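Working notes for the structure below.
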Amino acid sequence: MAHRVVTLPGDGIGPEIMMPTLELLGRLGSFEFEELPFGGASIDLHGTALTEEVLDTCRRADAVLLAAVGGPKWDTTDPGAPRPEQGLLALRSGLGLYANLRPVRPLPALYDASPLRRERIEGTDLLVVRELTGGIYFGEKSRTDERASDVCEYTVAEVERIARTAFGAARAKVSSVDKANVLETSRLWREVVTRVHAREFPHIQLEHLLVDNAAMQLVASPRHFEVILTENMFGDILSDEAAMLTGSIGLLPSASLGDSASRAESASRGRGHAPGTRTPGLFEPVHGSAPDIAGTGVANPLAMFLSAALMLRHGLALESEAAAVESAVDRALAAGLRTPDLGGAAGTAEATRAVLENL
Ligand code: IPM
Ligand code: MG
């Protein structure tokens, strides 16, 4: 049976990197793609970044593949105006996708493309597990002429479930990142993570780091980390920082999973549980819509390809197809493929050809 995938190309370079990704997927299996407007494109059509219809269609899909949203056209500080990013937050929360996985694995072929020295990043292989539907991004907001506020809130249940995702994904070690010396939510975070660890995952090593120190350690000794477990905003910031270990944010994919999708994942890792069928996962590159290069044909499609690989693995339980995409990307880079963000001249079409040739 064909896998039903909703595709949301979004804005900027989004459509340009989505198109070759569908071509790539078409080589690997039978998919039914349904493309829908999202982000700025949806604001232009419907006045809102995510319509109820699109959310409903996503709910019924097997997986959702998203490219990128946003652009200067919709950039505003007017609190009343719709923003493309609101669509992203509404989609994540509407699908219950609380677990955001951002693997960071610099390739040997790209060690010299990183602003960090080779000996610093060599052997880095880490996973950022970011809580995605709570915290300050989702707390109550207020604004008057004289003041503004964003509330940061976490419940025990929210921290427990993301902690389980992180410990479940770890082989040996979890670094939990918070700001427990200042923030009450971080003190709750630390207590709950400690408890989940002691009760359910005592065989995994757990350390707690303050976020400012973690930001420093991430560039000073990235090999120190295996799984970084953190809340929504810290994870947003640390994952962009971690991206530079790979040389470019144009290489970083992400998977956002809810309950049944994470069950499918633990099943595929041989940890019991039947694969769930509801709550499709959402798969998207970590980078944005890069409006400055949109339409010029130079966008790097690799993070989008690697996001499709995460969809194959975590969303559709197609592990060997996922591995095929990842190794095709690795081999294309090893053979010298370099897009402009990696200091080369290959455009989107050339990068696509190089990956397809290695598939
Ligand atoms: C990301 C992005 C989004 C986020 C923005 C576009 C809302 O930066 O996925 O990291 O902050 O989550
Ligand atoms: Mg971000």
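Each of Glu321, Glu146 has its accessible area taken with a 1.4 Å probe; listed largest first, they run Glu146, Glu321. Ranking of Trp74, Trp189 by solvent-accessible surface, largest first: Trp74, Trp189 (1.4 Å probe, protein heavy atoms only, all chains present). Among the DSSP beta bridges whose two residues both lie in the chain, what percent are antiparallel, rounded to the nearest 5? Here the antiparallel bridges make up roughly 35 percent for the chain. In the Gaussian network model of the chain, springs joining C-alpha atoms below 10 Å, which of Val329, Val196, Val227 carries the largest mean-square fluctuation? Comparing Val329, Val196, Val227 in the GNM, the peak value goes to Val196.
Each residue was assigned an accessible area with a 1.4 Å probe, and for Met311 the value is about 0 Å². Per residue, the chain exposes 42 Å² of accessible surface when a 1.4 Å probe is rolled over the protein heavy atoms with every protein chain present. Once the convex hull of all Cα atoms in the chain is built, its volume per residue stands at 135 Å³. Full extension of the chain segment joining Met216 with Arg164 gains 16.2 nm, where the gain is 0.36 nm per residue of separation less the Cα-Cα distance.
Using C-alpha pairs under 8 Å with a sequence gap of at least 6, the mean separation divided by the residue count of the stretch 123-250 gives a relative contact order of 37 percent.
Over the stretch 1-58, the alpha carbon radius of gyration divided by the compact-protein estimate 2.2 N^0.38 Å works out to 1.20. Surface composition of the chain: carbon plus sulfur atoms hold 52% of the accessible area, using a 1.4 angstrom probe and ignoring ligands, DNA and RNA. May I ask you to derive the FRET efficiency for Ala349 and Glu207 from their Cβ-Cβ distance with R0 = 45 Å, giving the value to the nearest 0.05? Here the calculated transfer efficiency is 0.50. Which residues among the stretch 242-260 fall inside the zone where the amide N is under 16 Å from a point 7 Å beyond the Cα of Glu119, along Cα→Cβ? Hits in the stretch 242-260 for Glu119 at 16 Å: none. Computed from backbone phi, the HN-Hα couplings of the stretch 344-359 come to x, 10, 5, x, 4, 5, 5, 4, 5, 4, 4, 6, 4, 5, 9, 7 Hz, rounded to whole numbers (Karplus: 6.51 cos²θ - 1.76 cosθ + 1.60, θ = phi - 60°; Gly and Pro given as x).
The values are calculated or read from the model by the stated rules, or taken from the named source; none is laboratory data. For clarity, every value in this text was computed on a predicted model and none was experimentally measured. No Cβ is skipped: glycine too gets one built from the backbone with ideal geometry, and neighbour counts run over all protein chains shown. Calculation scope for accessible area: heavy atoms of the full protein, side chains included, ligands and nucleic acids excluded. Shrake-Rupley method; radii C 1.70, N 1.55, O 1.52, S 1.80 Å.
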